[in-house]
Each structure stands twice: as C-alpha cells, then as structure tokens.
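Here's the structure, in structure tokens; my notes come after.
A short reminder: the numbers here are calculations on the coordinates, not readings from a lab. What you see is a predicted model, and the numbers here were worked out from it, not measured in a lab. Positions of Cβ are backbone-derived with ideal geometry, glycine not excepted, and every protein chain shown enters the neighbour counts.
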Amino acid sequence: MSSNENIKVIVVKDAEEGGQKAFEYVKQSLEEGMEVMGLATGSTPETLYTKLRQSDLDFSDVTAINLDEYIGLPADHDQSYAYFMEKNLFEAKPFKETHIPNGLASEEEETARYNQVIEEHPIDLQILGIGTNAHIGFNEPGSSFDSLTRKVQLTKETIEANKRFFESADEVPRYAYSMGLASIMSADKILLLAYGENKAEAVANAVNGPVTEDVPASILQKHKDVVFIVDEDAASKL
Ligand code: GLP
C-alpha cells in the first residue's frame with residue numbers, strides 16, 4: 001500500500017468490506033455531530049447505502065446534499081440521481097432535508113440556487129466515488145479547481161461508462177449540473193470510495209500523481225482530511 005502524505009488510503013478486500021468500513025466512518029461522523037452530509041450516486045456507494053438502510057442510525061437531524069444530476073431527466077426518471085437516492089437511501093432513511101440539483105431547471109437559476117444551498121449548509125462529510133478518468137461529481141478533466149456548481153458537459157469516456165444504466169449510449173444525457181471542485185473541497189471531511197480494476201489508474205493518479213486539472217481528483221491531495229477506501233483491485237496501481 002502506498003499513500004500520499006495527505007490522503008489516507010484504506011485497502012479492503014472488496015466492495016462489501018468497503019461498504020462496512022465506510023458505514024463505520026459515517027456512524028462515527030454522526031456520533032461526532034455531523035449535520036450536513038454530502039452524498040454521491042453511482043454503483044460504488046451502493047454497499048454503504050445498503051448498510052445505512054439496514055442500520056438503526058438516525059438521520060432525521062441531518063441535511064443531505066447530493067453532488068450532481070443529469071440535465072433533462074425529471075426526478076421520477078429511473079436513471080435520475082434523485083430517483084436513485086430515493087430508492088437507495090431516502091425512502092428507508094428520512095433525512096431532515098435533502099437537496100439535489102433539479103435537472104429540469106434553467107442553468108442560471110439552478111446553479112445560483114444550488115450554490116446558495118451549499119453556502120447555507122456547510123458540508124461536514126462528503127462521500128465521493130471516482131470516474132475512470134478521475135472525475136469527482138461530474139467534474140470532468142479540465143474542470144477548474146475554483147469551480148462551483150455549474151452546467152458541465154460529460155466526456156465520451158463518462159458516457160461510455162454510464163451507458164450500462166441506459167438502453168444505449170444515445171440515451172445518456174450529455175450534460176449535468178455538478179457541484180464544483182471548490183464546493184467539494186469546502187467539505188470538512190471527504191471519504192472517497194473506489195472498487196474494481198477499472199478505477200486503479202484514476203486512484204493512482206489521484207493519490208500519487210501531480211495535482212493537475214487534468215486529474216480532477218488530484219485536488220484532494222490538498223485537502224486536510226481525506227480518506228480513500230479502495231478494494232485491492234482499485235489499489236493495484238498504487
Ligand atoms: C458517475 C457520477 C460520479 C460517480 C462516478 C463513478 O458518473 N457522476 O459521482 O462517482 O461516475 O460511478 P460508479 O460508482 O458507478 O463507477
């Protein structure tokens with residue numbers, strides 16, 4: 001195991017064990033008074049969300065803020081991130097408030113509204129996955145480290161990676177609203193999860209590579225409190 005001095009890397013056997021470790025981290029944050037939790041979608045946090053659903057943890061005093069949403073999908077579309085969060089967490093675990101960008105709202109209004117939400121609710125713990133190109137949220141390579149919530153265009157690689165959830169690549173939305181890299185960095189603590197060999201390069205570049213806007217997750221090297229939980233496959237290039 002190798003680890004950048006700022007990023008603590010915990011290597012686990014698989015996504016199941018990763019979900020358990022992440023669950024314990026969230027539980028501890030809750031016990032320490034977490035009021036605002038930043039949430040991620042994708043297949044990676046599913047084992048964590050399963051454990052949260054099955055637990056007796058109480059989130060009724062916690063505000064949830066999600067990272068991103070596809071533009072053009074209504075909240076009840078089965079591939080919207082709003083729908084994902086309802087099914088994977090919120091239906092079973094009521095939060096005090098939940099926030100997610102509205103994929104049908106106009107760019108100017110929605111980005112201003114969401115930036116305001118984040119400003120009014122400073123995030124105690126942000127959960128992240130990572131794209132195969134090292135994106136976090138939908139901050140694709142080239143995103144400014146100073147970025148706030150904005151409209152982003154998805155790269156070909158991300159559309160390819162996410163087409164498995166849709167009938168075909170053509171169905172994958174081309175744009176999303178995403179919290180920016182500066183918004184993510186403003187969280188007090190960050191927990192990034194990554195499983196599988198296809199994440200190994202992104203994880204290695206994020207942890208040990210140069211801090212560059214070509215590798216969005218590399219900005220995390222500059223954060224004061226960041227933990228990666230990765231399985232052996234995702235750790236294989238560290
Ligand atoms: C998606 C999401 C990210 C997620 C990443 C990895 O496109 N916008 O928030 O972390 O890609 O997804 P998965 O966990 O399914 O590999």
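Quick notes
- Whole-number percent relative contact order across the chain, with pairs defined as alpha carbons under 8 Å at least 6 apart: 27 percent
- Three-way shape label, segment 105-204, alpha-carbon gyration tensor, a/c 1.5: oblate
- Across segment 6-135, Cα-Cα distances exceeding 22 Å account for 37% of all pairs.
- Sites excluded, GluC sites (Glu not before Pro) in DSSP loops with at most 11 other C-beta within 10 Å, longest stretch of the chain: 92-166
- Maximal additional length on extending the SER106-THR50 stretch stands at 16.8 nm, based on 0.36 nm per residue less the C-alpha distance.
- Simple label model, 7 Å out from Cα along Cβ direction - ASP214 to ASP58, nm: 5.1 nm
- Placing pseudo-labels 7 Å out from each Cα toward the beta carbon at PHE145 and ARG174 gives an inter-label distance of 3.1 nm.
- For the chain, the longest piece that avoids every one of the trypsin sites (Lys or Arg not before Pro) found in DSSP loops with at most 15 other C-beta atoms within 10 Å covers 14-95.
- Stretched out straight at 0.36 nm per residue, the stretch from GLN79 to GLU16 would grow longer than its current Cα-Cα span by 20.3 nm.
- Counting lysine pairs in segment 1-113 whose alpha carbons fall under 25 angstrom apart, excluding pairs fewer than 8 residues apart on the same chain, gives 18.
- GLU24/SER236 FRET efficiency (R0 35 Å; Cβ-Cβ; nearest 0.05): 0.90
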